Amino acid sequence: MSRGSKLLGLAILILFPALAWAGYGAISGTVIDQATSLPLLGAHVMAKSGSGPYPHMTLGEAVTDSNGNYLIENLPTATDYVVLACRMGYDCEFYDNSPTISGATTVHVIDGAITSGIDFSLTPSIGGGTGAISGHISDEATSLPLPGTPVVALSADSTHHAVGGAITDLNGNYVIQNLPEGDYYVGACKPNYICEFYDNVTDISSATLVHVTSGMTTSGIKFALAPINEGGTGTISGMVSDSLSGLPIAGARVLAHNNLGMHFKTRTDSAGHYSLTLPAGSYALVAWAHDYHPALYPGIVTVNNGDNLTIDFQLIPFAFGAIAGNVTDAANSTPIFHALQIAKKMGGPGFGCAFSDSAGNYEIGHLPPGIYHVTSFARGYHFSIYPDSVEVLPLATTLGIDFQLQPLSEPPGGFISGTVYDDSTGLPLSFALVLIVGKIDQNHFVIFVTPTDTTGAYLFPHLPTLGYHVLAWAPGYKAELYDDAHSLDSATLVTPPQAGVDFYLSKISEGPFAISGRILPAANLGTGLGGVMVNAYTPTDKLVASAYSLPGIGTYTLEGLEPGTYTLKVSSYSSNASSQQIEISGADASEVNFILSMRMRGDATGDGNITLADVIRIVNGIFKSNLYSPVPVEQGDVNCSGSVSLADVIYLVNYILKGGPVPCSN
């Protein structure tokens with residue numbers, strides 16, 4: 001999305017900015033299960049345009065709701081689209097009922113209108129995800145192993161989406177695990193080396209497919225990567241400026257990335273100029289800056305040896321709004337100092353927070369226009385959700401969003417306290433939000449929330465005597481469980497009284513995109529679940545973003561993401577949800593919701609009952625792992641030993657057939 005840009009070399013290409021497109025429209029439809037005709041929640045639908053090695057660029061995307069419906073908005077009308085729907089456990093499909101992009105029916109978008117009825121019926125995937133690919137990667141010039149090299153397995157269909165990945169060890173060896181049976185393109189990339197597909201080609205159209213059989217490892221998939229200077233390099237440079245004022249933007253980020261996940265980044269200088277030296281190849285480009293919409297270059301850029309290409313970007317500034325109000329004690333109407341108000345946009349990325357001053361006043365600025373949920377937290381008070389949705393308009397402040405917080409009672413009990421720090425500087429974070437979840441029984445929990453004070457300290461007084469999971473988060477940082485964990489399995493349970501429960505939070509990366517959604521219980525879709533950890537992983541299983549859902553509304557936002565494919569996984573206190581794979585190319589991903597099925601221990605099938613079917617399911621998970629996934633500890637560990645084993649099978653049979661002890665609830 002640049003204006004007046006040109007490619008210098010073999011030709012000069014005039015580029016058109018987003019502002020010059022005829023207008024914007026939308027695409028909507030429904031995604032269902034082909035076998036059952038039931039709607040599919042969490043299907044990822046993408047509108048793609050353009051051509052190149054990707055092979056098409058995503059210009060808009062959405063995730064289906066609980067009724068299987070989706071809406072992709074803000075699509076430029078300058079092009080027709082191919083629309084793709086994918087969901088974990090199902091085969092991807094192009095509209096209209098085509099497994100390949102060559103058989104897709106194009107969809108036309110009209111300015112100001114919604115093109116509806118773009119529906120999908122997805123087929124459940126076949127295969128247990130138990131195959132693997134292994135091999136070795138070396139330097140072509142020296143034959144020495146190349147440790148730390150990312151390797152990715154791409155689907156053989158026309159989407160070429162990442163299915164799995166790995167990183168070579170110190171000896172240059174790798175294993176890509178958990179692959180469903182099928183054919184894959186395998187590629188490897190490392191800084192200062194030319195990216196390569198198997199077998200010894202740089203273009204996916206010439207690559208050799210690698211077949212994977214369930215339960216077996218396809219070995220010998222080797223690479224010998226050539227140092228970059230052998231394939232040559234080229235340069236992309238240009239200027240990033242404000243689309244309204246024309247002024248240069250200092251400190252803007254420019255990213256060039258290829259379909260193997262190789263990223264090259266730089267910042268603009270004080271005059272708005274940037275320069276990237278890249279290995280010869282094909283790249284997608286995106287530019288972004290604080291307070292501006294990201295701009296995706298409309299096409300694939302091919303860099304040849306010696307090229308000096310010029311691409312300019314004009315970024316569109318956000319038209320921010322604000323929310324303001326007052327926070328008081330509901331018992332005596334006195335103002336509450338240092339209450340934290342959080343505004344989360346409904347149906348997309350948009351987030352802000354602010355503390356109240358000594359008069360109880362607050363203002364949350366820098367909010368993109370839209371509809372928001374607003375929540376208030378203060379130490380010693382019950383948190384409160386504003387009863388109505390709040391509209392934020394461009395360049396305006398929505399006033400009167402006031403809160404009257406109810407004081408907490410002070411029964412006898414213990415406490416949990418600590419301090420939240422910045423991991424890189426060691427400085428305290430005065431704007432962090434700390435949440436604790438205490439388990440009463442298998443399906444009942446208590447949640448308490450408090451902000452840190454100006455010294456980064458927090459305190460939960462007068463707590464019931466339970467074991468608690470403690471979570472901390474701050475704007476611009478990854479969420480974290482105590483102690484330095486991102487899942488409940490590796491977290492440390494805290495029992496009051498306990499001081500020194502400290503956190504050292506890591507900053508998020510500076511990517512331009514975000515993934516957002518809600519955590520919802522299956523029993524009541526109108527209420528969100530708080531305190532659920534959501535993690536985003538790359539195909540090589542690297543954790544890049546973490547957030548937890550907010551109490552009451554259940555919203556979460558994973559920010560700072562660069563273009564790529566991410567697997568989202570949730571870690572909850574007593575619930576289950578399938579992971580979701582989300583591709584980010586040129587837009588944020590919103591409404592990526594998770595429905596958590598609350599199950600009692602022993603209900604391995606999730607049907608709400610404990611029967612011999614659950615015993616069979618546990619046995620299959622133990623002895624037939626190539627066909628059945630293991631039963632989670634939360635459902636299968638009926639004797640509370642900390643794992644699922646034959647002892648749980650015997651325990652459950654005794655309970656069902658002989659009236660033995662009920663499944664535990666610890």
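The values are calculated or read from the model by the stated rules, or taken from the named source; none is laboratory data. Only a predicted model underlies this, so the values are computations on that prediction, with no experimental measurement involved. Every residue, glycine among them, receives a Cβ derived from its backbone with ideal geometry; neighbour counts consider all protein chains shown.
Laid out as a table, the results:
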| quantity | calculated |
| --- | --- |
| Close pairs (8 angstrom Cβ cut-off, 6 or more residues apart or separate chains): crowded, with 22+ Cβ neighbours inside 10 Å in segment 465-480, in a strand (DSSP E or B) and hydroxyl-bearing (Ser, Thr, Tyr) anywhere | LEU471/TYR548; TRP473/TYR548; LYS478/SER546; ALA479/SER546; ALA479/TYR548; GLU480/SER546 |
| Selected residue [assigned to a loop (DSSP other than H, G, I, E, B) and out of contact with any Ser or Thr (no Cβ under 8 Å at 6 or more places or on another chain)] from ASP199, ASP169, ASP157 | ASP169 |
| Residue match in segment 172-187 (condition: closer than 19 Å to LEU144 by Cα, out of contact with any strand residue (DSSP E or B) (no Cβ under 7 Å at 6 or more places or on another chain) and surrounded by fewer than 16 Cβ atoms within 10 Å (Cβ to Cβ)) | no |
| Identity of the residue in segment 603-660, of a type in the set (A, V, I, L, M) and outside any helix (DSSP H, G or I), that ends up surrounded by the most Cβ atoms within 10 Å (Cβ to Cβ) | VAL638 |
| Count - residues of segment 94-118 that are crowded, with 17+ Cβ neighbours inside 10 Å and in a loop (DSSP other than H, G, I, E, B) | 4 |
| When residues of segment 202-239 are limited to those that are within 17 Å of ILE133 (Cβ to Cβ) and free of Cβ contacts under 8 Å to residues at least 24 places away in the same chain, the one surrounded by the most Cβ atoms within 10 Å (Cβ to Cβ) | ALA207 |
| Flag if TYR274 is closer than 30 Å to LEU399 by Cα, surrounded by 21 or more Cβ atoms within 10 Å (Cβ to Cβ), at pLDDT 90 or above and not β-branched (Val, Ile, Thr) | no |
| Segment 438-459, subset within 30 Å of the chain's Cα centre (by Cα) and at pLDDT 90 or above, residue nearest to LEU505 (Cα to Cα) | GLY456 |
| Tally, over segment 442-498, of residues that are part of a strand (DSSP E or B) and of a type outside the set (S, T, N, Q) | 25 |
| Which numbered condition VAL437 misses (of (1) touching a Phe, Trp or Tyr at 6+ places or on another chain (Cβ under 9 Å); (2) assigned by TED's automatic domain parsing to the domain that holds ILE342) | (2) |
| Condition met for LEU433 (of a type in the set (A, V, I, L, M), under 18 Å from LYS478 (Cβ atoms), modelled with pLDDT of 85 or more and buried (at least 16 other Cβ atoms within 10 Å of the Cβ)) | yes |
| Meets criteria (within 16 Å of THR233 (Cα to Cα), touching a Leu at 6+ places or on another chain (Cβ under 8 Å) and in the same structural domain as VAL240 (by TED's automatic domain parsing)) for VAL286 | no |
| Segment 539-562 residues that are outside the structural domain of GLN341 (by TED's automatic domain parsing), paired with ones that are of a type in the set (Lys, Arg) and assigned to a loop (DSSP other than H, G, I, E, B) (beta carbon under 6 Å, 6 or more apart) | SER546/LYS478 |
